1. Which residue pairs have Cβ atoms closer than 7 Å, lie 6 or more positions apart in sequence or on different chains, and pair a first residue in region 174-189 that is on the phi < 0 side of the Ramachandran plot with a second residue that is open to solvent by 60 Å² or more (accessible area, probe 1.4 Å) and part of a helix (DSSP H, G or I)?
2. Only one of S47, S84 is within 11 Å of ligand 1 (Cβ to nearest atom), under 21 Å from T14 (Cβ atoms) and out of contact with any Leu (no Cβ under 6 Å at 6 or more places or on another chain). Can you tell me which?
3. Please enumerate the residues belonging to region 107-117 that are within 16 Å of ligand 2 (Cβ to nearest atom) and open to solvent by 10 Å² or more (accessible area, probe 1.4 Å).
4. Could you go through region 283-304 and let me know if any residue there is surrounded by fewer than 18 Cβ atoms within 10 Å (Cβ to Cβ) and under 21 Å from L110 (Cα atoms).
5. Residues in region 315-345 that are buried (at least 18 other Cβ atoms within 10 Å of the Cβ), small (G, A, S) and in a helix (DSSP H, G or I): how many?
6. Filter region 87-106 for residues that are in a loop (DSSP other than H, G, I, E, B) and either within 16 Å of ligand 2 (Cβ to nearest atom) or closer than 15 Å to L12 by Cβ (or both) and give the result.
7. Which of the residues belonging to region 266-294 are away from ligand 1 (no atom under 16 Å from the Cβ) and among the hydrophobic types (A, V, I, L, M, F, W, C)?
8. How many of the residues in region 122-154 are more than 16 Å from ligand 2 (Cβ to nearest atom), small (G, A, S) and under 21 Å from A320 (Cα atoms)?
Amino acid sequence: MTAPLRLGIAGLGTVGVGVVKIIRQKANMLADRSGRPIVITAVSARSRDKDRGVPLSDYAWEDDPIALAQRDDVDVFVELMGGSEGTAREATEAALAAGKDVVTANKALLAIHGHELAIAAEKVDRVIRFEAAVAGGIPVVKALTEGLAGNDITRIMGVMNGSCNYILTRMQNAGLTYEEVFEEANQLGYLEADPNLDVGGIDAGHKLALLSAIAYGTKVDFEGVELEGIQRVTIEDIEQAADMGYRIKLLGVAQRTGRGLEQRMSPCLVPSDSPLGQLEGGTNMVVIEGDEVGQIVLRGAGAGEGPTASAVLSDIVDIARGTRLATFGKPAEGLEAATSATSSASAPYYLRLELLDKPGALAQIATELGEAGISIDRMRQYGHAAQTAPVLIVTHKTTRSAIEDAIVGFKKTAVLASDPVAIRIEAV
Ligand code: NAP
Ligand code: HSE
């Protein structure tokens, strides 16, 4: 066997401890598969004294992850601390400058600084691998970079934030409000330290931007992702959308159109009986469409110790085997900036309106839709005791701007009892 591959692991939280456990428990299997032993030489975290449930005394300890990244006895710097700035970024830059390969699970870092880091890696002939950064245990980076390399990717779609999918499915199954389930998820430790990263769609937007860069051969462009979180999704929307045959998902969609690269992460309706519609709890799903392969669907755990560490090990084993891939699938120097396009593709929309219960109210809404060039596919009015009437409308295909025009028109009618809700229905 050739010389061992020596790892320095910075970050011994959920993912870092998972990686240490796999390397300890499966050393022989990993060596067989890699053709060389994989060993940990040094580790780092903030608190040296914390009991992490795994023996660490075999490894050198560094208080400073940058010093860890620069050690002579480290070949691969494994960054599992998190955060787009500060120590994670500085230590990753230091590792590349010291000639180390990098494996990371840090989607925030790569979504924002991925291009500069990829350039820095190329300059010193090193690699950066990030399978665990997107959809946890699902090998979607590998699928796009390697398995689908012979395809023009026509569309990527997915549910890539387990916490949001947990919140939305729990609201639906238990009939609870967003606020109640948010609190529950927070208590269970499902949310990031800054929960807005999850519920604001930012974490999932980071992941979508990384997949887009690989799929479309462009510089990673998180700024170009149209973002909307799930904070305004109500239990009424969930229940009434279900009544019309839909589920609400925080759905990411990336596609290249004649106008440029469209990337959006927003609540969408999908048919209840579709694979995305049936996705429960913290599970992730990524749907990739290629011109040769057609559609493939990848489904699995998007987070957690075992699944995320599994993805980190896939990158480590690749490096041990000698597989050298460009960070985003092709040389970073050749990546062009994406022309970012706001989504213009037409789609049916779900509208939920609370109307004053008086003669002609619905007729006025129908008139405004007609004036905005929007045709109604289906409509439902619910029984009610109060002075207002809940009305659901599913439109035929239309554009976001036509929907916005219609909403401006609705507001002029004086028959609205509250702000209308409009959610795109995605063809999946
Ligand atoms: P975590 O449980 O919060 O662990 C973070 C670790 O980093 C801790 O051990 C912490 O040390 C250490 N750390 C943080 N800042 C540090 C600093 N300045 N210097 C030294 N050590 C520092 O986080 P995690 O859930 O394992 O996530 C790690 C990375 O994986 C993040 O980028 C995250 O987005 C990504 N990820 C996580 C999951 C998941 O399921 N958890 C899934 C996919 C991707 P102490 O323990 O001493 O505080
Ligand atoms: N907060 C993320 C999620 C963790 O809920 O999917 C995994 O990236």
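The values are calculated or read from the model by the stated rules, or taken from the named source; none is laboratory data. Since the structure is predicted, the reported quantities are computational estimates derived from the model, not experimental observations. Neighbour counts are summed over all protein chains in view; Cβ atoms, including those assigned to glycine, are modelled from backbone coordinates with ideal geometry. Note: accessible area is taken over every heavy atom of the protein model, side chains too, but ligands, DNA and RNA are not part of it. Shrake-Rupley method; radii C 1.70, N 1.55, O 1.52, S 1.80 Å.
1. Note: pairs meeting the criteria are L176/R170; V181/R170.
2. Details: S84 fails: out of contact with any Leu (no Cβ under 6 Å at 6 or more places or on another chain).
None of the other options fit; the residue is S47.
3. Scanning region 107-117 gives K107, A108, I112.
4. yes
5. Residues that pass the stated criteria total 2.
6. Applying the first criterion (in a loop (DSSP other than H, G, I, E, B)) to region 87-106 yields 98-100, 105-106.
The answer is A105, N106.
7. From region 266-294, those away from ligand 1 (no atom under 16 Å from the Cβ) are 266-280, 287-294; that's our starting set.
Those that are away from ligand 1 (no atom under 16 Å from the Cβ) and among the hydrophobic types (A, V, I, L, M, F, W, C): C268, L269, V270, L276, L279, V287, I288, V293.
8. Matching residues across region 122-154 total 2.
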